[in-house]
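Novice: The following block contains the structure, expressed as structure tokens.
The values are calculated or read from the model by the stated rules, or taken from the named source; none is laboratory data. Small disclaimer: the values here were computed from a predicted structure and weren't measured. Cβ placement follows ideal geometry from the backbone for every residue including glycine, while neighbour counts extend to all protein chains displayed. Areas reflect the complete protein model, heavy atoms only, side chains present, ligands, DNA and RNA absent. Shrake-Rupley method; radii C 1.70, N 1.55, O 1.52, S 1.80 Å.
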Amino acid sequence: MAEYIYETSCIRVTGHRLDLTISYRRAKPFLIFVVIAFFALKPTFIAVQSGDPYLRLAAALVVIVSIYAGLALALDRTTICAVGKLLTLQHGPLPLLRGITIDSGDVRAFQCEERRFRAAHYYKLEAEMRDGRRVKLLSPLQNANDAQYVFTALRHWLDAVGGMK
């Protein structure tokens, strides 16, 4: 029987303490794509007006990379699997960001911080490692309830596997 069943428009948490799955996708994902594509247009217009074939090639590469990066970020779904003593973070369906695998013995604590950017605010979840590094797990979470639920589920997983000593 699943101990955790929580789902909103951006986050889904299922499983139990030793077999936890957290799936996250950004709110308004195609806004990212539009912004990146907008910034790729200026070099394209400059290159089209130029007679230099190398400048046109460079502009084409900028457009291709921008479209790929925009789609990868817009379609990104972050999945965190906490199975046994391993925490695995994966991004998909298009590879842009690297995933990681963390052993529970390397985690000192989980941090949930509220961040502000002008009038907007969001929540950032990180794993604080025993060597002092901080590893970003999820960001930007818009809803405080989502952030708190994921934070609590990850702490329960770490307690269940014998971490945070």
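Novice: Counting only residues that are closer than 17 Å to Cys81 by Cβ and not in a strand (DSSP E or B), which one in the stretch 17-35 is modelled with the lowest pLDDT?
Specialist: Arg17
Novice: Could you list, ordered by first residue, the pairs with Cβ atoms under 8 Å in which the first is in the stretch 47-63 and in contact (Cβ under 8 Å) with a residue 60 or more places away in the chain and the second is exposed (fewer than 13 other Cβ atoms within 10 Å of the Cβ), at least 6 apart or interchain?
Specialist: So the pair list comes out empty.
Novice: Could you say whether any residue in the stretch 121-135 is at pLDDT 90 or above, within 25 Å of Arg12 (Cβ to Cβ) and open to solvent by 70 Å² or more (accessible area, probe 1.4 Å)?
Specialist: yes
Novice: Hey, among the residues in the stretch 141-161 that are more than 13 Å from Gln111 (Cα to Cα) and more than 16 Å from the chain's Cα centre (by Cα), which one's most open to solvent (accessible area, probe 1.4 Å)?
Specialist: Filtering the stretch 141-161 for residues that are more than 13 Å from Gln111 (Cα to Cα) and more than 16 Å from the chain's Cα centre (by Cα), the one most open to solvent (accessible area, probe 1.4 Å) comes out as Asn145.
Novice: If you don't mind, there's one more thing I want to ask. Could you run through the stretch 28-76 and say how many residues are under 24 Å from Asn143 (Cβ atoms) and loosely packed, with under 15 Cβ neighbours inside 10 Å?
Specialist: Number of matching residues: 5.
Novice: Read through the list (1) open to solvent by less than 70 Å² (accessible area, probe 1.4 Å); (2) under 16 Å from Trp157 (Cβ atoms); (3) aliphatic (A, V, I, L, M), then give the number of the only condition that Leu18 fails.
Specialist: All conditions pass for Leu18, except number (1).
Novice: Suppose the filter is part of a strand (DSSP E or B) and in contact with an Asp or Glu (Cβ under 9 Å, 6 or more places away or on another chain); does Thr14 pass it? First the steps, then the outcome.
Specialist: Working: part of a strand (DSSP E or B): yes; in contact with an Asp or Glu (Cβ under 9 Å, 6 or more places away or on another chain): yes.
For Thr14, the condition - part of a strand (DSSP E or B) and in contact with an Asp or Glu (Cβ under 9 Å, 6 or more places away or on another chain) - is met.
Novice: Then there is this: Determine if the stretch 97-114 includes at least one residue that is of a type in the set (Asp, Glu) and over 20 Å from the mean Cα position of the chain (by Cα). Outline the logic, then answer.
Specialist: Taking the stretch 97-114 first, the residues of a type in the set (Asp, Glu) are 103, 106, 113-114.
Applying the additional criterion that residues be over 20 Å from the mean Cα position of the chain (by Cα) yields 106.
Yes, the stretch 97-114 contains at least one residue that is of a type in the set (Asp, Glu) and over 20 Å from the mean Cα position of the chain (by Cα).
Novice: Still on this model: Take the residues in the stretch 85-95 that are at pLDDT below 90 and open to solvent by less than 80 Å² (accessible area, probe 1.4 Å); name whichever of them is farthest from Asp146 (Cα to Cα).
Specialist: Leu94
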